Amino acid sequence: MRLLKNNKGQMRVIEAFFAALLVMSCLTFIPTQQSSTTHSEDLASKAQNILVSLDNDGQLATLIDNQDWESLGDTIQSTLPLMVWFNLTIYDANLNVLNNYPICNGGAVSDKITSIEYICASQNQTFAVYVLQLQLAGAN
């Protein structure tokens with residue numbers, strides 16, 4: 001009988017439960033921390049990955065050796081999301097521009113343009129080194 005009359009402990013447990021519930025509900029309103037990588041870092045990583053994957057099997061050097069700028073542009077465009085703009089400029093070892101017209105997919109969609117440089121070596125009998133500058137911009 002005595003246990004039924006002394007319910008202070010039960011009330012403390014219920015009070016602690018509601019306090020914990022209140023704290024947990026307040027934590028849901030605190031905004032979560034955003035990703036530590038910025039949009040430009042993501043685009044730079046994407047550009048680097050595209051050029052490395054094309055150069056891995058020799059396709060990049062072959063397209064440049066053949067000066068097949070249209071196929072090169074189509075290949076890069078097929079690897080990018082729709083809302084990402086690109087511009088590729090190819091230089092020889094003396095930094096003379098090799099592509100006679102722009103390799104791009106329109107105008108920049110953002111003021112924040114990320115640019116990377118990549119070195120590519122020809123795989124045919126005449127050794128040639130190319131410097132590629134790939135610029136990307138994406139809608140935020």
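The values are calculated or read from the model by the stated rules, or taken from the named source; none is laboratory data. As the structure is a computational prediction, the values presented were derived from the model and not from experiment. Cβ: placed from backbone, ideal geometry, glycine included. Neighbour counts: every protein chain shown.
In this structure, is SER40 hydroxyl-bearing (Ser, Thr, Tyr), in a helix (DSSP H, G or I) and at pLDDT 80 or above? So SER40 does not fit the description; no. Evaluated against (1) under 18 Å from GLN59 (Cα atoms); (2) in contact (Cβ under 8 Å) with a residue 24 or more places away in the chain, PRO81 falls short on exactly one condition, (1). Identify, from the list LEU22, LEU51, the residue that is aliphatic (A, V, I, L, M) and within 20 Å of the chain's Cα centre (by Cα). On inspection, the qualifying residue turns out to be LEU51.
Residue count for the stretch 72-103 satisfying the condition of being touching a Ser or Thr at 6+ places or on another chain (Cβ under 9 Å) and part of a helix (DSSP H, G or I): 1. Would you be able to say whether some residue in the stretch 112-135 is surrounded by fewer than 16 Cβ atoms within 10 Å (Cβ to Cβ), over 17 Å from SER45 (Cβ atoms) and acidic (Asp, Glu)? Within the stretch 112-135 (the criterion being surrounded by fewer than 16 Cβ atoms within 10 Å (Cβ to Cβ), over 17 Å from SER45 (Cβ atoms) and acidic (Asp, Glu)), the answer is no, since none of the residues qualifies. Cβ-Cβ contacts under 7 Å between residues 6 or more apart (or on different chains), taken from a first residue in the stretch 91-111 that is under 20 Å from ASN66 (Cβ atoms) to a second residue that is loosely packed, with under 11 Cβ neighbours inside 10 Å, are listed as TYR91/VAL97.
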